[in-house]
Every structure is written in C-alpha cells, then in structure tokens.
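Everything below concerns the one structure shown next.
The values are calculated or read from the model by the stated rules, or taken from the named source; none is laboratory data. Since the model is a prediction, treat every value here as computed from it, not as a measurement. Every residue, glycine as well, gets a Cβ built from its backbone with ideal geometry; the counts of neighbours run over all protein chains shown. Protein only, heavy atoms only, side chains kept; ligands, DNA and RNA dropped before computing areas. Shrake-Rupley method; radii C 1.70, N 1.55, O 1.52, S 1.80 Å.
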Amino acid sequence: MSFDTIITVDWSGGNDRGASPKADAIWTCVARDSAAKQPQYHRNRQHAEEWLTDTVATEVAAGRSALVAFDLCFAYPAGFARALTGTDDPFAVWDWFAESVEDGAKSNNRFDLAGQINQQFGGIGPFWGNALARDIPHLPRKGTARTFRDLPEKRATDAAAKGAFSPWQLSGAGAVGGQVIMGLPTLARLRNRFGTDLCVWPFQKADAPITLVETYFSLMPNALAARMTEGAIKDAEQTALFAQTFANLTPDDWQALLDVPATEEGWVLGLGHEALLESRASQQLKPPPLRNDCFAMPQGAYWTPVDDALDHLRTHLKPVCGVTDVALDQAAGRILAAPVIAARSHPPAPNAAVDGYAFAGAKPAGPHQLPLVTGRAAAGQPYDGTVPEGHAVRILTGASLPAGADTVILQEDVTTDGRQVAFHGPLKQGANARKAGEDMQAGQTVLSARHRLTPADLAKVAATGVGRVTVYKPLRVGVLSTGDELVTAGDTATADQIFDANRPMLCATVAAWGYEVVDLGKAPDNQDALRPILDDASVQCDAILTSGGASAGDEDHISALLQGTGSFALWRMAIKPGRPLALGLWQGTPVFGLPGNPVAAQVCALVFARPALSVLAGGNWLNPQEFAVPAGFTKAKKDGRREYLRARITDGVVEVFASEGSGRVSGLSWATGLVVLPDHAVTVNKGDLVTFVPFASFGL
Ligand code: AMP
Ligand code: MG
C-alpha cells in the first residue's frame, strides 16, 4: 500500500484572506515522485475547493492513486451523527452541513448554524464560543455556560492527540470548531462528485484511487521546528512537511498507519506513530547534484593558500547522498541525517546507584536504626509495595526506588540482622540515588544531524530507547590511478614501469574514513580510454579520487578531460608536497584530481579530500586535531606555502623523515603523522614547539 501522490490541506474557517500569501489561510501542498512541491496559498474556500476538485480529477484521469490529507476533524464525538441526522453515518453529517452551510467570501452562517443545532438538541450546547458581536440564541460565549452535556467533549482520537481541541469550540486561540463546520461541505461535495473513485478513511477501506483522510499537523513538533526558518509561514511549512513525510512512508509504514478500526468518530492518520513520522520526516530524496561552479575558486596571481581552498570547499560543498534509516546494530560509523530525539528519559525512573538500603528522606548526624520491610528491590525486579515511613528496604544497584523511598545507604555503611539496619548519619536526601532523567530527558535532542555515530553514541541512543536512526546512505568513493607507466603490484614490470602505489593507499584511506570504496583500477594516459571509465565511475560513485595527470602538462589527461565539462578548476595550491589539484564534476559527480606523487597524493587526500568527502557524505566539516610538540629537527622554511613533513614522535620530540622528496613512499610508512609548518617563513630549532598532526587525527 502506498500512494503516487500526496496532497495535504490546511483548512480554515475564516473569511477571504486577500491575494497575497498569509498565515491562517488555506494552504495545500502536493508531493509526487516522492518530492514535495512548493506549498500553495488559497485566499478562500471557494478557490481551494475548485483547486482540490481539479487536482483530484487530474489524479483520477492520470490513473494515479492519491491521498488527500486534511488537518480537519472528519467527524464529531460519538452520538452526534445520530442526534443530528438519525443515523450513525458520518457522511450523513457531511451532507447535512453541505445542505445547511451558507458560505460567502465575506461572511458565513457557522455561528447561527451551531446555535440552531444546539436548539434542536434542546439545550445550551454542545457547541459554544459565539465570537460575533450579536448574541445568538442557544450559543453561549463560554463553554462553562453550557447545560447540554449528553455528548462527549472530544472524540477518542482528539483525546489521544496531544493538544487537540474539541470540535464544539468555535472561537478562541486554537479552536477548530469553525473550520470543521466550514470544511465538511467541501468534503461532502468531493465525495459526491468522485463517487466510487474516492473513499474516506477510516470510515471506508483505503482502496479507491483517491483516499481522503484527516491528520493533525501538530503530530511532528520536532520536525516542524527543524523546518521553520525566520519569516516562514507555519501553515505552509506544515503542509509541505506532511506531504514530504507521507511521501517518504514505505508500504509497511502505510500498513501500520492505516490499520485503524472504522468507527463513526474516525481517526487522525499518524496518531500513535509519531516517532515513525518524525523519523520519516527528515528523509529526502538523493539531493540535487552539486552546482557546476562549486570548484570555481577565484585564483590569485600567485598560489592559493591552503586555508582559502579549504574555506571554498567548506562553503561550496553539500551532501550528495540519499537518506535511509537503520537499526542501531547497523549504525556504527554512519552519519546522522536527522537528530536523535530521546524516546524516553534516562534513567526512566529514580533508581539506586549502589547496593544498600532505601528509605525516605535525609538522616541527620548520629545513629539511626530502621526496621526492614520484607522483600527487596533489584534491577528489573521492582519492589511493588510502598516503604512505610521510618522503614527501609533492601535494594540493589539499578533497581527502581520503590514508592516511599528516595535515599539509599551503602550496604558497607550499615550493620544488619536481616530485620533492621543500623547506620550513622548524616545522609542527604537523594544520596546514592539517580534521579529520573538526570542523564537525558525524553524529547531532548541527544545527537545532532551530521554527526558520525561512534560506539559510545550507540550506547547513548540505545539508552534513550531509540532503536533506529536516520542516516545518510554511505558515500561511494571511486579511486582511480592514471599513468601509462603504472603496473599493478604483483604483475611483472619493466624498468620503465612503476608499481601503482597510490591505489592501495587511497583505497585503504577511503575505507578507513568509513566510505564505500569503488576500486576503479588504473587508466592509461589517453583521453579516449579515460572517458568511458569516468562515465562508468560517475554512475557507480558519489565522488571520485584520481591520482596522476592532474597538472597542466601534455600528459595531464584528467585535467584535460575535466576542462571540457564546464566545471573544471585547476587549483594551484601553496602547499608542499602537492601543488596542483584538478577539480571538476564529471556528469555531476565530483572528481578530485590528486597529484601523482604518492606523498603529495596522500597529503592532498588528507588535507583536502577528507573534509570535502565528509561534507559530501552528509557529515560535518573536519578539522584534524593538532598537537604542539617540541621539534627534534632544525629547518629554515621560506615564505609563501604551507609544508607538511612526514614525522613521528620519538622520546617526546617530533622527528621528520630524512628526505622531503615527494616520491619517497617509504617515508610515509615510516611516519606516524605530519608536521605542519605555517604559510609564512619560519626557522625551526630543536626544542621549538611545532604542530604535529598524527595520522589518527586524519582518520587513519
Ligand atoms: P603525474 O602527476 O601523473 O605527472 O605523476 C607524478 C609522478 O607520480 C610520476 O613520477 C608518476 O610516475 C608518479 N605516479 C603517478 N601515479 C602513481 C601511482 N599510482 N603510484 C606511484 N606513483 C605514481
Ligand atoms: Mg602521469
């Protein structure tokens, strides 16, 4: 079960709101192909009904199934239908209102009609809240003035929905009574117009092409809060939020949501499934591709400082992965696409922090003796009774504090004969007890979106009772080596050939960062051979790392190919080792053209690709943790570029690799991190503090 199209409607009982979009008017939103479109404003009910009729007719004609969800009570509390129409049929109520309501753009008869119904029922009530200047017979201004009390105040579904109002209330902040009276006629006309092409859930099974349902736009407070921006119109955002959320539901979700008995009162779709809705709310389609100019950084006359390049990447990249939700046992290392909201408090109830004896209240200094009740409280095995005043109960760590106890004395601090305990005060009230929610509170955001889940995070999430989390789909990163001279290690090579060192290194690096590695092999220095490889890679991967061929020379074919895409940028970096970085989009997929020299390739991967890939994957921008360590070397460095030296710490000082040659692969393996020397000129003497970044800080 699912729907091709979702249409959400925020109804209104008010008069014409004018031509320009405003709050408290009618808003609608359509989601098709799983994506919500812009919400639409309707100045009055006549416009809205016309639009709804046309839109539904289009869906029927196109053979699509559509769910039309109104934030509007579809029925009144049990008994009303029979009292008004003589049958329990909620549709008879719809037809009654369709007959009786007079609706003009400037005025309508809703208050008079409510008064008329009250009169028909022979008392004052159930309707109340006359907001007009003139008095209306039988329609009190205040609910307390009612004498007629034969009908329930709320439907079962409104009683269960947090904050839902009674449909009897016609005025005052949050009242819904007016819009129900002014909405049922439209529902009745839609139903009569579309006949068997339309059904109304839960009164009928959702098996016609068009299904009308009622929902409640306050069911997802967190998702709505996350969506609201300054100046946004809440009604509009709600329709878009619900359209997108319903569009994200799986067939199983629908089965669960629609499984509600048909009663004359109806039901709010989604009620009882708030957590599911909140989690689906943040799901999106795979986001739109990066813009063609995302790598177009203005290049100065000279070399680009590393920080400028990093700033550019940080501000121009965005997540490219779709979203899914996974069980906690699949969630380690995944990146949250939605905040995690505590499903319940931790601890859920006050409990004992130690093994001992529980009783009520503080104990002043001096000796105390308390009789013990029979029984005990252990973790998972609560003591069901109430501890009488002046008594104590045996309690074990993690056990809920029984009623009548809020304080625990450590078992090591008491003497006991099994019938009473003796100990010395003072003891503060609440000692050795954990308060409910002292760690985390239900409803609290315990982890933010973009965060990568650590093992400890899983404990935190589990402790709040959340079993599934919304995460980005894994970023698929392709790794390609380019160069005619390359041979895969293990194969035979002539003296003119070299073994491909970059690919195993970069594949392992990408894997260590938690991404899905797509080994694209190696490619010759030939554009015709490279082109189909990149074509393929752009389908298989969300980002591509290449090495070699990234400069501006004759054999720099990665640069040459990207140049034709309109997205190419050759960043001349003020960095050693490194220098040119070829960036561009190949059919929308970002390509990071790293230098060929293995040391430069790895340094550029760690410095530029790592934070960039993190953002593409949906995560935070990453700044590696740095440490100030005394130098065990001397060096004079020129102004104008940042230098990364292969380094390791020995006996509390940081040493650097003997050679700075960027082809010296062995030095990378010797090192446990990099020393970073600043852009400007420095002279490093032994014992000076220098910046050391362990490879672990780069996620390796
Ligand atoms: P390029 O950037 O293509 O001009 O290559 C620069 C240097 O790095 C050349 O000496 C290449 O042979 C070397 N090189 C390029 N790719 C690799 C690789 N995958 N493994 C080892 N060395 C490489
Ligand atoms: Mg080359």
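Within the range 592-608, residues that are among the aliphatic types (A, V, I, L, M) and more than 16 Å from ligand 2 (Cβ to nearest atom) sit with their Cβ atoms under 7 Å from residues that are in a strand (DSSP E or B) and open to solvent by 10 Å² or more (accessible area, probe 1.4 Å), at 6+ positions apart or across chains, in these pairs: Val603/Tyr644. Scoring Ala35 on the criteria (1) more than 22 Å from Ala131 (Cα to Cα); (2) surrounded by 23 or more Cβ atoms within 10 Å (Cβ to Cβ) leaves a single failure, condition (2).
Of the residues making up the range 502-524, those that are open to solvent by 30 Å² or more (accessible area, probe 1.4 Å) and touching an Asp or Glu at 6+ places or on another chain (Cβ under 6 Å) are Lys522, Pro524. Only one entry of Val510, Val466, Val471, Val461 meets the criterion of being touching a strand residue (DSSP E or B) at 6+ places or on another chain (Cβ under 8 Å) and assigned to a strand (DSSP E or B), and that entry is Val471. In the range 483-501, of all residues being open to solvent by 10 Å² or more (accessible area, probe 1.4 Å) and in contact (Cβ under 8 Å) with a residue 24 or more places away in the chain, the one that is farthest from Val518 (Cα to Cα) corresponds to Asp484. Any chance the range 643-657 includes a residue that's in a loop (DSSP other than H, G, I, E, B), at negative phi and of a type in the set (Asp, Glu)? No; the residues of the range 643-657 include none that is in a loop (DSSP other than H, G, I, E, B), at negative phi and of a type in the set (Asp, Glu).
Filtering the range 214-248 to residues that are assigned to a helix (DSSP H, G or I) and closer than 17 Å to Ala449 by Cα leaves Pro221, Asn222, Ala223, Leu224, Ala225, Ala226, Arg227.
Among Leu139, Leu151, which is touching a Pro at 6+ places or on another chain (Cβ under 7 Å), in the same structural domain as Trp96 (by TED's automatic domain parsing) and open to solvent by less than 60 Å² (accessible area, probe 1.4 Å)? It would help to see each step written out before you state the result.
On the way: Leu139 fails: touching a Pro at 6+ places or on another chain (Cβ under 7 Å).
Going through Leu139, Leu151 in turn, just one is touching a Pro at 6+ places or on another chain (Cβ under 7 Å), in the same structural domain as Trp96 (by TED's automatic domain parsing) and open to solvent by less than 60 Å² (accessible area, probe 1.4 Å): Leu151.
Can you find, within the range 299-341, the residue that is surrounded by the fewest Cβ atoms within 10 Å (Cβ to Cβ) among those that are in a loop (DSSP other than H, G, I, E, B) and touching an Asp or Glu at 6+ places or on another chain (Cβ under 9 Å)? Spell out how you get there, then give the answer.
Initial filter on the range 299-341 (in a loop (DSSP other than H, G, I, E, B)): 299-303, 305, 317-322, 331-334, 337-339.
Going one step further and asking which of them are touching an Asp or Glu at 6+ places or on another chain (Cβ under 9 Å), we end up with 300, 305, 320-321, 331-332, 337-338.
Numbers: Gly300: 11, Pro305: 17, Val320: 23, Cys321: 22, Ala331: 22, Ala332: 14, Ala337: 23, Ala338: 26.
In this case the residue turns out to be Gly300.
Report yes if some residue within the range 621-632 is part of a strand (DSSP E or B) and over 29 Å from Arg452 (Cα atoms); otherwise report no. Yes, because at least one residue in the range 621-632 is part of a strand (DSSP E or B) and over 29 Å from Arg452 (Cα atoms).
Are there helices (runs of 4 or more DSSP H) fully within the range 535-619 with at least 1 residues that are within 16 Å of ligand 1 (Cβ to nearest atom)? List them. Show your work before the answer.
On the way: elements: 557-563, 598-604, 610-616.
In the range 535-619, the matching helices (runs of 4 or more DSSP H) lie at 557-563, 598-604.
Can you tell me which residue among Gly390, Gly430, Gly398, Gly418 is assigned to a loop (DSSP other than H, G, I, E, B) and either open to solvent by 60 Å² or more (accessible area, probe 1.4 Å) or modelled with pLDDT under 95 (or both)? Being assigned to a loop (DSSP other than H, G, I, E, B) and either open to solvent by 60 Å² or more (accessible area, probe 1.4 Å) or modelled with pLDDT under 95 (or both) holds for just one of Gly390, Gly430, Gly398, Gly418, which is Gly418.
Regarding the range 528-546, can at least one residue be identified that is within 16 Å of ligand 2 (Cβ to nearest atom) and either of a type in the set (D, E, K, R) or under 28 Å from Ser697 (Cβ atoms) (or both)? Checked the range 528-546: at least one residue is within 16 Å of ligand 2 (Cβ to nearest atom) and either of a type in the set (D, E, K, R) or under 28 Å from Ser697 (Cβ atoms) (or both). Applying the condition of being within 21 Å of the chain's Cα centre (by Cα) and aliphatic (A, V, I, L, M) to the range 22-52 and asking which residue is nearest to Ile210 (Cα to Cα) yields Ala31.
Answer with yes or no whether Asp207 is more than 38 Å from the chain's Cα centre (by Cα), surrounded by fewer than 14 Cβ atoms within 10 Å (Cβ to Cβ) and not in a helix (DSSP H, G or I).
Working: more than 38 Å from the chain's Cα centre (by Cα): no; surrounded by fewer than 14 Cβ atoms within 10 Å (Cβ to Cβ): yes; not in a helix (DSSP H, G or I): yes.
Spelling it out, it is not the case that Asp207 is more than 38 Å from the chain's Cα centre (by Cα), surrounded by fewer than 14 Cβ atoms within 10 Å (Cβ to Cβ) and not in a helix (DSSP H, G or I).
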